[in-house]
1. Here are some conditions: (1) surrounded by 20 or more Cβ atoms within 10 Å (Cβ to Cβ); (2) more than 24 Å from Leu223 (Cα to Cα); (3) not polar (S, T, N, Q). Ala300 meets all but one. Which one does it not meet?
2. With respect to Arg73, determine if the residue is modelled with pLDDT under 85, under 20 Å from Leu190 (Cβ atoms) and surrounded by fewer than 20 Cβ atoms within 10 Å (Cβ to Cβ).
3. Which pairs do you get when a residue that is surrounded by fewer than 24 Cβ atoms within 10 Å (Cβ to Cβ), found in segment 19-32, comes within reach of a residue that is at pLDDT below 90 and among the aromatic types (Phe, Trp, Tyr), reach meaning Cβ atoms under 7 angstrom, with the pair 6+ apart or on two chains?
4. Regarding Ile269, is this residue at pLDDT 85 or above, out of contact with any strand residue (DSSP E or B) (no Cβ under 7 Å at 6 or more places or on another chain), among the hydrophobic types (A, V, I, L, M, F, W, C) and crowded, with 16+ Cβ neighbours inside 10 Å?
5. Before we move on, is Thr155 touching a residue at least 40 places away in the same chain (Cβ under 8 Å), buried (at least 21 other Cβ atoms within 10 Å of the Cβ), part of a helix (DSSP H, G or I) and not assigned by TED's automatic domain parsing to the domain that holds Ile269?
6. Just to be sure before I move on: is Tyr287 closer than 27 Å to Leu354 by Cβ and not in a helix (DSSP H, G or I) in the structure I sent?
7. For segment 31-68, how many residues are in contact with a Leu (Cβ under 9 Å, 6 or more places away or on another chain) and β-branched (Val, Ile, Thr)?
8. Looking at (1) outside any helix (DSSP H, G or I); (2) surrounded by 22 or more Cβ atoms within 10 Å (Cβ to Cβ); (3) of a type in the set (Ser, Thr, Tyr), which is the only condition Ser337 fails?
Amino acid sequence: MNHLKKCLRTSATNAFFIICARCLADFGSVLSMIALSSYVFLISNNVYQFSIFMICSVCGSLLASLMSVPFFRKMQGKWALICLNLVRFFIMVLLLILPGSHRLYVVPCIAFISGLCNTLFTIGINSQLPNWIIQPKRLSVNTWLTSLSSVSAVTGGLLVGVLIAGTGYENVFILNIVVYVFVALMLLPLKTLSDATQISLQPVPFKQEWRQLTIELRKAPILAGMLLVTLMGSLGNAAHQVGFPIIATLLTPEHISQAMGALMASWAIGKFVGARLVGYLLKKYPYLSLEMLFFVGFSALSLGFILTFSQQQLIWAIAFVVCAGIGEGIAEVSVVSRIQTEPERLRLPVFSMLALLKMMGFAVGMMIVAPFYHWLPLYLVIMLFHGIPLVTLVIVQLWLKKRFAPQGQLDMQSSTDV
């Protein structure tokens, strides 16, 4: 009993610092991404330089997905996350001390390192959360992480324009530096639940690690289906990210920025509500599972965005984007919590695979979606790119139903314990 009380006390303390650190980190990431990208376009006045910046950021994220397994196998715990924030701190300091004439050539490198560190930080938090949070409290912490981090990201996006206009780029970069320092300080008090939680795993060759992951995913077809739907959903994510400015222009040509702000804020509110709903739904309806909630949430996400971009009035677009946000919050908490039920040796590779699939789908979507906006009306583009994950979801459900039909019921892979 004393050990349980100690674990609960440690988990509560860890949860506070982890949530604060994650929210600040997401705020800083959005702040630096928007500030740096607009700064590149300002000093170069060249769309190709802006494209190089974005490509470097995506490449950094892709590399992080591939190298996260060996990185966190060798460097576990809070110190790995603190080091990642110190790297982000130093690259922003480097940007400030360099002469203005040299900054244009350094910013792509900073974008690459930022994308690398941001993705590694997210994978590290998600994969190591069971080492810091006791199992009964884990779902609650995941809901707070998802809901508050989305609010932090949107807040950063809304504030950055005001901060740049009012104080200038250099002061925004200084704010970024301060944010990363606070993130590192928030991670310092973290304590593992017990010495046994930090399992020392034998080093495994890179190819063997990923081969083992594919073997394990064959044994867990529902989880594999969730990852496949996430990959296809990233195409829709790219489509609606590009489509937001377009629909804002169509709905309110005189107030584009206000419409964009209203849509993004409404999406964040919806995601906050959706993330908070997961724990309530699992307690009220014991027959529900994380996998079932993921598929329901993802359906709501895609249908919500399809309906959002089919509207002619801003008020209806806001209503449906809230529904999309609710679905996204439910889906994100469900998939993260489901992966955290995996054993230590599989948890990190699965989170790495999840990040890799998200970035691959988003990068491909960004590359191919632009011509479709010239060929098709806005609502048809969104219907096409969000229809792909919906069709994939239906195919996965039919395949799972057929696969598990001989057993008479669908085994939801022990997630009902959460």
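The values are calculated or read from the model by the stated rules, or taken from the named source; none is laboratory data. For clarity, every value in this text was computed on a predicted model and none was experimentally measured. Here the Cβ is made from the backbone with ideal geometry for all residues, glycine too, and neighbour counts use every protein chain on show.
1. (2)
2. Details: modelled with pLDDT under 85: yes; under 20 Å from Leu190 (Cβ atoms): yes; surrounded by fewer than 20 Cβ atoms within 10 Å (Cβ to Cβ): yes.
Judged against the criteria, Arg73 is a match.
3. Final answer for the pair search is Ile19/Trp144.
4. Considered against the rule, which asks whether it is at pLDDT 85 or above, out of contact with any strand residue (DSSP E or B) (no Cβ under 7 Å at 6 or more places or on another chain), among the hydrophobic types (A, V, I, L, M, F, W, C) and crowded, with 16+ Cβ neighbours inside 10 Å, Ile269 comes out as yes.
5. Values: touching a residue at least 40 places away in the same chain (Cβ under 8 Å): yes; buried (at least 21 other Cβ atoms within 10 Å of the Cβ): no; part of a helix (DSSP H, G or I): yes; not assigned by TED's automatic domain parsing to the domain that holds Ile269: yes.
Spelling it out, it is not the case that Thr155 is touching a residue at least 40 places away in the same chain (Cβ under 8 Å), buried (at least 21 other Cβ atoms within 10 Å of the Cβ), part of a helix (DSSP H, G or I) and not assigned by TED's automatic domain parsing to the domain that holds Ile269.
6. Working: closer than 27 Å to Leu354 by Cβ: yes; not in a helix (DSSP H, G or I): yes.
Yes.
7. Matching residues across segment 31-68 total 2.
8. Going through the list (1) outside any helix (DSSP H, G or I); (2) surrounded by 22 or more Cβ atoms within 10 Å (Cβ to Cβ); (3) of a type in the set (Ser, Thr, Tyr), Ser337 breaks only (1).
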